[in-house]
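**Student:** First the structure, then my questions, so here it is.
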Amino acid sequence: MRVALYVCRVRDRWNMLLSLDLRVDVTWWLEGASGQQVLSWLLLDEALPLSQASWLIEHFEPERGMDQWNEGHWLAYMRRKVEAYDKLSGEQAARKEVAGLAGKAGMITAERRAGTSGMAAASRGAGVGGMPDAYPAEGWAQLEQGAALLAERFRGRQLLAAEAEALLADTVPQLASWRAAAQLARLHGRLSITAALDLPTRRRPAWLSAQGAPRCRRCGSVARQRVPCAACGQAACAYCEACLALGRSRACALLLRSAAPSAVRGTAALATGGGLARWGLSAAQSAAASAALAYLARPTSTEDGPGRFLLWAVTGAGKTEMIFPLLQHTLERGGRALVATPRRDVVLELAPRLAKAFPDVALATLYGGSTERWKDAQLTLATTHQLMRFYQGFDLVIIDELDAFPYNINSK
Ligand SMILES: [Zn+2]
Ligand SMILES: [Zn+2]
């Protein structure tokens with residue numbers, strides 16, 4: 001897919017952004033919806049391949065003298081960067097020449113706005129050429145509502161465009177244009193929008209077979225496979241084989257990721273024996289569960305990031321019972337918890353036990369073909385592959401059989 005790419009200078013900062021619906025960005029930056037003072041704004045390309053736009057943004061660094069740049073400087077900048085991208089990606093064949101900037105309107109600056117009645121007038125001023133249209137004013141309030149709803153539905157998730165469409169069709173059928181809503185959620189800082197694959201910064205040494213191979217942002221694996229792709233027209237569009245079971249994560253595919261972690265990490269006091277009594281654990285199970293609870297309740301700072309605790313026991317030792325107090329600890333504090341296991345039969349076996357143990361908590365049971373895949377739940381029980389649809393979505397993650405495939409090769 002193709003996206004628009006532009007730069008804008010807000011206060012002292014240059015930003016480069018891609019857009020799924022440029023009308024939303026025009027209203028946001030040039031019609032004042034952002035509430036921020038935009039000093040310069042320039043459309044670099046109206047329809048750049050997503051993988052390229054995503055890479056340009058990832059590697060965008062403000063350069064010396066950028067404040068004084070005119071369109072010619074930006075054109076040279078684009079040529080330079082696209083060349084660097086081509087060398088890395090090997091996509092030259094399908095790329096169009098950077099002939100000129102798409103923004104026929106040229107640079108929109110604060111100076112140019114002076115003397116006009118605001119940015120809207122400047123952006124449509126005489127002799128300026130065609131500026132992209134703004135979003136219809138009468139639809140803006142509804143779009144804001146849609147963006148807020150979408151951000152809420154995406155909380156703690158990461159989804160490819162096709163999955164996002166499925167989720168929204170199921171849960172927010174009234175949303176007229178999900179791309180516009182997603183773009184506005186992005187501008188509000190509640191969503192990140194990238195290509196599903198991430199190209200490395202430099203070429204790898206020749207002795208590494210995966211030379212220049214991109215990495216899958218969804219599952220973290222190196223994406224070595226390439227196929228002719230109808231979606232982007234590339235003769236060799238890279239895709240990730242590791243997470244293929246959940247849909248093809250391609251170089252040209254859109255990955256939408258929640259940008260607002262839902263974590264509400266508890267800093268409560270140590271759990272007492274009273275919390276444990278309910279679960280009827282043996283002395284050894286109680287001791288292990290108490291240690292795990294003490295770990296959960298430890299004071300932490302946000303800089304520490306999430307911690308890890310290993311509960312190691314032989315088969316039949318009753319590990320499952322031991323996780324109940326931990327789930328209770330997190331759920332009682334309003335947190336979201338996840339139990340993941342590589343095996344579907346374990347999910348199916350555990351689901352009724354969790355439902356019985358926590359009757360008042362919304363439980364989502366996820367496996368291939370599950371009907372609850374978009375259910376918004378406080379407690380989630382899932383097979384490993386389903387975890388790829390989540391991103392920073394949980395306060396407590398319990399992973400069963402940590403030594404089993406695929407965790408042992410994938411620490412992300
Ligand atoms: Zn992948
Ligand atoms: Zn493609």
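Results for (1) in contact with a Ser or Thr (Cβ under 9 Å, 6 or more places away or on another chain); (2) of a type in the set (S, T, N, Q); (3) at pLDDT below 90, shown as yes or no for each residue.
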site	(1), (2), (3)
57	yes, no, no
73	no, no, no
94	no, no, yes
109	yes, yes, yes
127	no, no, yes
131	yes, no, yes
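**Student:** Also: Looking only at the stretch 348-364, decide whether some residue is out of contact with any Ser or Thr (no Cβ under 6 Å at 6 or more places or on another chain) and modelled with pLDDT under 90.
**Tutor:** No.
**Student:** Just the residues that are assigned to a helix (DSSP H, G or I) and either under 13 Å from the mean Cα position of the chain (by Cα) or small (Gly, Ala, Ser) (or both), please, taken from the stretch 154-175.
**Tutor:** Once the filter is applied, which keeps residues that are assigned to a helix (DSSP H, G or I) and either under 13 Å from the mean Cα position of the chain (by Cα) or small (Gly, Ala, Ser) (or both), the stretch 154-175 yields 161, 162, 163, 164, 166, 169.
**Student:** In addition: Is it the case, given these coordinates, that residue 252 is within 23 Å of residue 383 (Cα to Cα) and either at pLDDT 80 or above or not acidic (Asp, Glu) (or both)?
**Tutor:** No, not satisfied.
**Student:** Still on this structure: Can you tell me which residue is surrounded by the most Cβ atoms within 10 Å (Cβ to Cβ) among those in the stretch 157-181 that are at pLDDT below 90 and in contact with a Phe, Trp or Tyr (Cβ under 7 Å, 6 or more places away or on another chain)?
**Tutor:** Among them, the one singled out is 171.
**Student:** Just give me the residues in the stretch 1-24 being more than 20 Å from the chain's Cα centre (by Cα), of a type in the set (Lys, Arg) and part of a strand (DSSP E or B), in sequence order.
**Tutor:** 9, 13 - these are the residues of the stretch 1-24 that are more than 20 Å from the chain's Cα centre (by Cα), of a type in the set (Lys, Arg) and part of a strand (DSSP E or B).
**Student:** Let me ask something else about it. Taking the condition at pLDDT 85 or above and under 27 Å from the mean Cα position of the chain (by Cα), does residue 137 pass? Talk me through it step by step, then tell me what you get.
**Tutor:** On the way: at pLDDT 85 or above: yes; under 27 Å from the mean Cα position of the chain (by Cα): no.
It is false that residue 137 is at pLDDT 85 or above and under 27 Å from the mean Cα position of the chain (by Cα).
Yes/no matrix, rows are residues, columns are (1) of a type in the set (D, E, K, R); (2) within 18 Å of residue 294 (Cα to Cα); (3) surrounded by fewer than 18 Cβ atoms within 10 Å (Cβ to Cβ):
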{"site": "321", "(1), (2), (3)": "yes, yes, yes"}
{"site": "332", "(1), (2), (3)": "yes, yes, yes"}
{"site": "340", "(1), (2), (3)": "no, no, no"}
{"site": "353", "(1), (2), (3)": "yes, no, yes"}
{"site": "356", "(1), (2), (3)": "yes, no, yes"}
{"site": "361", "(1), (2), (3)": "no, no, yes"}
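**Student:** Mind checking which pairs have a first residue in the stretch 147-167 that is over 19 Å from residue 250 (Cα atoms) and a second that is part of a helix (DSSP H, G or I) and at pLDDT below 90, Cβ under 7 Å, 6 or more apart or different chains?
**Tutor:** Note: pairs meeting the criteria are 153/171.
The values are calculated or read from the model by the stated rules, or taken from the named source; none is laboratory data. Please read these numbers as outputs of a predicted model, since none were measured by experiment. Heads up, the Cβs are rebuilt from the backbone with ideal geometry, glycines too, and the neighbour counts pull from every protein chain shown.
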